[in-house]
Amino acid sequence: SGGGPQAQVLDRDGSQVYECRKGDQYIVDMGRTNGHVSSLYNAVWHPKDRNIFMTSSSDCTVRFWDINVTKNQKTVIKLRGSDGKKVSPTHAVFSKDSSMIAVATIDGALSLYPTKGPFIRPKLSNKTAHVKTTETSCIKFSIDGNRLLTRGGAGDDTVKLWDLRNMKSPVNTANNLDNVFVGTDCWFSPDEKVVMTGTSVKRGSGELVFLDTNTFDEVYRFSVGESSVSKILWHPKLNQIIVGCSNGIVKMYYSPGLSSRGALLCAAKPRRRQVKNDEIPTGLQQQVINPYSLPMYREQRFLYAKRRKDKSRKDPVRSAAPDKPLYGLDAHKTKGCSLAAFKSKEIALDTHGPPAEEEDPREVLLKYADICEKDPYWIAPAYGPESKNIYQEVTEDTLSEEPVPKKPMYFYQK
């Protein structure tokens, strides 16, 4: 589960196997939508059915999902506080035998529901389990299912042990355990004689704290470095503790005598001795060059796909870019033209042939003067063979007449 409303199931290779549907945020009744509409707090697998998992979200619901059904969720639990208003869950978990569901809400309440329902009211609850408006970060069931361990959030800073047979008050409480992260864990040891939790702070180093289960007295405490503790795991078979820190580092702690396999397989191997160049014989210090590693054979590689795409777009051959139009003095050299101009040029070449480069246009027109007089084609057939051309007679009066202006001229005196 991430920061969004849709949980994803990934395989060991990191490929997505299943993704939950997103609900309709405009529906008021969250039981009528097919998914979460707000960010998720946590997601856990069913301890016995490998196809079912549970998610809790800040949209005030807890939902069951089946990876074989992609359309909608299997079950919806709508959470409400003691005043009847909606309340957001901060953590939800199955019991070891999958018979019960424990849900911690932001109003400080701790509620338990049967896995098979009904989900209208909790079977067991404590309305003041932790401080109100604090986010309980973790819930853990014991192996027998009779005890419950909870980790209070920022402002509460406690670890409490509960007996499900009497939920009125906690059996043991440990105070002053800083917790500023929503996901800080708590854990039972494999024999359940020790309780483990981590501390998370804004500045400084986080610590791993071990408490006695019966009395909650501090057994041991050590720092994990300049970071806070976020997630922890005490493996029952390897007997090793895995700690996830807030700076992104995962650390594994083991005991040489009590742990088995795991980190011991790496710790038992001796470190390789680094050979210095002075210890290498003189004949073997020559540099070996692979022919295809030379710059002339090396292909240019780009670290990012965007840079590689931009480089290809600038190449006119690879991008098949059309020729740009020419402007100015080189405009007559352009190759592109319209279809009408191309067909006109083609018809002119077929009819008259290619034009001479150094031919006088006046001489070209005078070639057709004799042909027009002997065989008139355009004007003579319209008026008959006996028609004569009548032109205006030029006299001295016509020469002295001034042409009439097209527009009247007006003169203005200053």
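The values are calculated or read from the model by the stated rules, or taken from the named source; none is laboratory data. Model, not experiment: these values are computed from the prediction. Note that we place each Cβ from the backbone using ideal geometry, even for glycine, and neighbour counts take in every protein chain shown. The area values use the complete protein model at the heavy-atom level, side chains included, leaving out ligands, DNA and RNA. Shrake-Rupley method; radii C 1.70, N 1.55, O 1.52, S 1.80 Å.
Overview of results
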item	result
Trypsin sites (Lys or Arg not before Pro) within segment 184-223, DSSP loop, no more than 15 other Cβ atoms inside 10 Å	LYS193, LYS202, ARG203
Integer Hz, Karplus 6.51/-1.76/1.60 couplings in order for segment 210-222, x for Gly and Pro	10, 10, 6, 5, 6, 10, 6, 6, 6, 9, 7, 8, 8
Using alpha carbons only: equivalent-ellipsoid semi-axes of segment 68-167, gyration tensor based, whole Å	21, 17, 13
Listed residue pairs exceeding 18 Å between alpha carbons, taken from LYS86/LYS160; LYS85/LYS127; LYS231/LYS251; LYS48/LYS74; LYS86/LYS132	LYS86/LYS160
Amide proton proximity set for ALA7, modelled H, under 5 Å, gap of 5+	CYS20
Whole-number D in µm² s⁻¹ for segment 1-109, Kirkwood Cα-pair radius fed into Stokes-Einstein, 20 °C, 1.002 mPa s	151 µm²/s
Equivalent ellipsoid semi-axes - Cα gyration tensor, segment 1-54, angstrom	23, 13, 10
Relative packing of 104-113, 91-100, which averages over residues the other C-beta atoms within 10 Å, highest first	104-113, 91-100
Cα-Cα separations in segment 103-161 greater than 17 Å, expressed as whole percent	38 percent
Sparse-neighbour loop sites [trypsin sites (Lys or Arg not before Pro); segment 17-64; at most 13 other C-beta within 10 Å; DSSP]	LYS48, ARG50
GLU218 accessible area, 1.4 Å probe, all protein chains in place, Å² to nearest 10	100 Å²
Accessible surface ranking that places the most exposed of PHE181, PHE342 first, with a 1.4 angstrom probe	PHE342, PHE181
Residues PHE342 and GLN8, FRET efficiency given R0 of 56 Å [Cβ-Cβ distance, rounded to 0.05]	0.45
